[in-house]
Amino acid sequence: MSSPTKPSDNYTPIYFLASLGAGGLVVTFFMYLLFWVPHKGRAVPVFEDILAKFNSGDIASQIMIVIAMAGIAFFAILNLKSLFWNLSAYNKFKKTEAYKALRSSNAESAILAMPLALAMTVNMGFIVGLVFVPGLWNIVEYLFPLALLAFAIIGYIAFREIGHFLGRVLSKGGIFDVTAHNSFAQLVPAFALSMVAVGLSAPSAMSHNPMTISISMVLSTAVGLAAVLYGVLAAITALNSMLHYGTHEEAAPTLMIVVPMVTTLGIMFLRQNHAMHTFYDVHITAGDTFMLMVKLFTIQLMFLGLGLMVLKRQGYFKDFVFGSKTSPGSYALVCPGVALSVMVQFLLNKGFVATGVIDKYSMIYWAVTAIAIALQFAMVALVLRLNKQHFGKQTVTSAVPAE
């Protein structure tokens, strides 16, 4: 039998992270429109707002809009292409002995990368609709129940897989390999739930229908809390294993999985706070939002520092990003960079600008924005690099996915 010609021929569900990363980059380009295109009376800009800004704005505004829309279109297509490839490959993978082995190991939790990617694609699809479909806002109230249903289905898939995994390992002793729990790979289920939760929270910030808002608030809160609880428990047990056995080299990027989790849950909190202010008459001040964002950003920096320190000591970038070795887990590096770029934009605009600490469009405003954009384009380069490594034809020995 001939050996694989590219690393992705050795399929693992972790490759769903390739779709996730492309979808995350769509969000980073949408940040341009969200914060730089006026959208009075709406929580988000729509096609008509973007067109009005393009027609009335200066050349810099027009260039910004072109870049944003081109970036959204390109990475939306890449997201869908990767998702469809993964779904097809996953269906074939389920018929193999490797799938049976996966189902009986710690790495079974990697299957949660599938609902994680699905939830991101639904979130991304809503952005694409807002940006490219004229008149969408006129029928948006009819779309919110469909969006809630879509996320509820994805949430069901996520909880079903979590239940299968926990039911297997908790019903009998000695099944879960603690020595292979030396990473944050077991936080993938929590990340999947947080992505579902942020999607469920969208109608709470955009809808004007009391029932839609209430359902959105209840479901997003329930799933978001489940994500936090699962994440905390998985992180504590994983840290204990890492202290005993060190961090698994290939799974080391998962040490930063808390960064995108915090961004998704942070956006959920902002959306819910908007509903509390406009519908439930609970007034959240700009100062409250500022302190929330600062606390979340601090958590992200702590886990980012931890992850980068371990990756540097292990020589991960030299081996798996710029070297000849490949590991599907490398795609987990994209999520923290994307999430941090988005969080910097929110902290700046919803925190410092909203409280009057920084003037919008001042020199310091653009200096901070430049940090977010630098992170964004570093992740663009990383996605393109990883896609070339894993999907380009070459004869290499792919690393075995970590458990």
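Just a few scattered comments:
Listed here are the residues, each with its yes/no results for (1) more than 18 Å from Arg385 (Cβ to Cβ); (2) at pLDDT 95 or above.
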{"position": "Tyr245", "(1), (2)": "yes, no"}
{"position": "Met256", "(1), (2)": "no, yes"}
{"position": "Pro260", "(1), (2)": "yes, yes"}
{"position": "Met276", "(1), (2)": "yes, no"}
{"position": "Ala286", "(1), (2)": "yes, no"}
{"position": "Met293", "(1), (2)": "yes, yes"}
{"position": "Phe317", "(1), (2)": "no, no"}
{"position": "Phe320", "(1), (2)": "no, no"}
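- Residues considered: Asn91, Asn55, Asn79. Of these, the only one that is in a helix (DSSP H, G or I), closer than 21 Å to Phe377 by Cα and out of contact with any His (no Cβ under 8 Å at 6 or more places or on another chain) is Asn79.
- Considering (1) modelled with pLDDT under 95; (2) under 25 Å from the mean Cα position of the chain (by Cα); (3) farther than 25 Å from Ala119 by Cβ, the lone condition that Ile65 does not fulfil carries the number (1).
- Out of Leu51, Leu112, sole residue that is of a type in the set (A, V, I, L, M) and under 17 Å from Phe16 (Cα atoms): Leu112
- Criterion violated by Arg385 - all others in (1) under 24 Å from Tyr11 (Cβ atoms); (2) out of contact with any Pro (no Cβ under 8 Å at 6 or more places or on another chain); (3) buried (at least 20 other Cβ atoms within 10 Å of the Cβ) satisfied: (3)
- Residue list for region 11-44, restricted to those being more than 25 Å from Gly351 (Cβ to Cβ), assigned to a loop (DSSP other than H, G, I, E, B) and either under 21 Å from the mean Cα position of the chain (by Cα) or free of Cβ contacts under 8 Å to residues at least 24 places away in the same chain (or both): Thr12
- Evaluation of Thr5 against the conditions (1) in a loop (DSSP other than H, G, I, E, B); (2) in contact with a helix residue (DSSP H, G or I) (Cβ under 9 Å, 6 or more places away or on another chain) shows that the sole unmet condition is (2).
- First in region 45-57 and without any contact (Cβ under 8 Å) to a residue 24 or more places away in the chain, second anywhere and surrounded by fewer than 17 Cβ atoms within 10 Å (Cβ to Cβ), Cβ under 7 Å, 6 or more apart: Asp49/Pro38; Lys53/Pro38; Lys53/Ser61; Phe54/Gln62
- Some residue of region 95-111 being among the small types (Gly, Ala, Ser), more than 25 Å from the chain's Cα centre (by Cα) and at positive phi: no
- Among the residues of region 230-248, not a single one is of a type outside the set (S, T, N, Q), surrounded by 20 or more Cβ atoms within 10 Å (Cβ to Cβ), closer than 23 Å to Gln345 by Cα and touching a residue at least 24 places away in the same chain (Cβ under 8 Å).
- Some residue of region 376-388 being at pLDDT 95 or above, assigned to a helix (DSSP H, G or I) and among the small types (Gly, Ala, Ser): yes
- Single residue of region 141-197 satisfying the filter (under 24 Å from Met120 (Cβ atoms) and of a type in the set (Val, Ile, Thr)) that is surrounded by the fewest Cβ atoms within 10 Å (Cβ to Cβ): Ile153
- Residues located in region 313-331, provided they are under 25 Å from Leu116 (Cα atoms) and outside any helix (DSSP H, G or I): Thr326, Ser327
A quick yes/no check of all residues on (1) of a type in the set (Phe, Trp, Tyr); (2) assigned to a helix (DSSP H, G or I); (3) in contact with a strand residue (DSSP E or B) (Cβ under 9 Å, 6 or more places away or on another chain); (4) surrounded by fewer than 21 Cβ atoms within 10 Å (Cβ to Cβ):
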{"position": "Leu301", "(1), (2), (3), (4)": "no, yes, no, yes"}
{"position": "Gly307", "(1), (2), (3), (4)": "no, yes, no, no"}
{"position": "Leu311", "(1), (2), (3), (4)": "no, yes, no, no"}
{"position": "Leu333", "(1), (2), (3), (4)": "no, yes, no, no"}
{"position": "Leu340", "(1), (2), (3), (4)": "no, yes, no, no"}
{"position": "Phe346", "(1), (2), (3), (4)": "yes, yes, no, no"}
{"position": "Lys350", "(1), (2), (3), (4)": "no, yes, no, yes"}
{"position": "Ala374", "(1), (2), (3), (4)": "no, yes, no, yes"}
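- Candidate set from region 310-364 (those that are among the hydrophobic types (A, V, I, L, M, F, W, C) and under 22 Å from Asn86 (Cα atoms)); member that is nearest to the chain's Cα centre (by Cα): Cys335
- Selection from region 265-289 of residues that are over 21 Å from Leu219 (Cβ atoms) and surrounded by 19 or more Cβ atoms within 10 Å (Cβ to Cβ): Thr289
The values are calculated or read from the model by the stated rules, or taken from the named source; none is laboratory data. Only a predicted model underlies this, so the values are computations on that prediction, with no experimental measurement involved. We place every Cβ from the backbone using ideal geometry, glycine too, and count neighbours over all the protein chains shown.
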